[in-house]
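The structure appears right after this line, and notes come after that.
The values are calculated or read from the model by the stated rules, or taken from the named source; none is laboratory data. Small disclaimer: the values here were computed from a predicted structure and weren't measured. Neighbour counts are summed over all protein chains in view; Cβ atoms, including those assigned to glycine, are modelled from backbone coordinates with ideal geometry.
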Amino acid sequence: MASDLSRVKKELAECAKDTKSSVQCVPVGGSMTHLEGTIKGPDGTPFAGGVFKIDITIPGGYPFEPPKMKFTTRIWHPNISSQTGAICLDILKDQWSPALTIKTALMSLQALLCSPEPDDPQDAEVARMYKDTYQTFVQTAKFWTETYAMEHMGGGDHENAIARVCEMGFAAAEARRALEAHNWDEVAAINSLLSA
Amino acid sequence: MKVKLKRWHGVAVWKWDVEDDVCGICRMAYDACCPDCTMPGDNCPPVWGECNHAFHIHCAMKWLASQAQAGGGAPCPMCRRDFKFKES
């Protein structure tokens, strides 16, 4: 079945018109089958302030089949793989309806950031942390947001990295030691500090 | 002044009697046709489900077919109630 690209075109035009929306969607390259969505991390969540990119592929059966979506910005969330960005959300699977659109699907992802479902996880490690040590989850999710989802963050010099780790409540000396041990990979260093 | 009618053309407008303007599946106007048709009119009419939601007949048929292929019943794309054609 050929996908209905005129509908995709219409949807993109509507997205482009609505510049105030906290979700956006633009085509990648010339084709209408590969798109990039962006959503803002909702306020009041550990994802606030972050901008998350979503890779979108329009399958042949669209809109009778759901669009394929995954996060390309790394994120620490029970229903999103911290490794691959794969998303566990029913409307992107068997609960899809052709009355939904790319925009409503992106808005559902935003809603998912507000209310994680740790009992139906995509990332078991994150889900376990969410359920067992919620404060650690919040800290880690915030840290990932700051590291991966904010411009001008990450990739700073070593002192900045140490400062960011210190913000999470670790002493400068142990932050430096952990960062050096993990080749200045902040996430790996944080994880080692948290599990120590 | 006397006018003598020599010739006349009948003109009419038509419109489907549907609440919404566009089909919820293809997002094209009901008074136009679904993406697979070229001419609006009787060949591409709207149909109603028992839940009173309307779609182009071809869009509804494609949705039912795709759900049957997936092995399940077909919910209405709008309200998720079981989609059954309404007897008119």
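Conditions (1) within 13 Å of chain B (Cβ to nearest Cβ); (2) under 24 Å from residue A:87 (Cα atoms), marked per residue:
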| residue | (1), (2) |
| --- | --- |
| A:11 | yes, yes |
| A:14 | yes, no |
| A:18 | no, no |
| A:21 | no, yes |
| A:28 | no, yes |
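Pairs are defined by a Cβ separation below 9 Å, a sequence spacing of at least 6 or placement on different chains, a first member in the stretch B:45-63 that is within 11 Å of chain A (Cβ to nearest Cβ), and a second member that is assigned to a helix (DSSP H, G or I); the pairs so defined are B:55/B:63. Residue selection: residue B:11 fails the criterion of being surrounded by 10 or more Cβ atoms within 10 Å (Cβ to Cβ) and hydrophobic (A, V, I, L, M, F, W, C). Can we say residue A:113 is away from chain B (no Cβ under 14 Å), touching a Ser or Thr at 6+ places or on another chain (Cβ under 9 Å), under 23 Å from residue A:191 (Cα atoms) and not aromatic (Phe, Trp, Tyr)? In short, yes.
The test for being under 28 Å from residue A:70 (Cα atoms) and not assigned by TED's automatic domain parsing to the domain that holds residue A:53 does not hold for residue A:105.
Reported count of residues in the stretch B:49-84, each being among the aromatic types (Phe, Trp, Tyr) and surrounded by fewer than 13 Cβ atoms within 10 Å (Cβ to Cβ), is 0. Specify the residue that is modelled with the lowest pLDDT; the eligible residues are those in the stretch A:29-46 that are surrounded by 13 or more Cβ atoms within 10 Å (Cβ to Cβ) and part of a loop (DSSP other than H, G, I, E, B). Within the stretch A:29-46, the match that is modelled with the lowest pLDDT is A:32.
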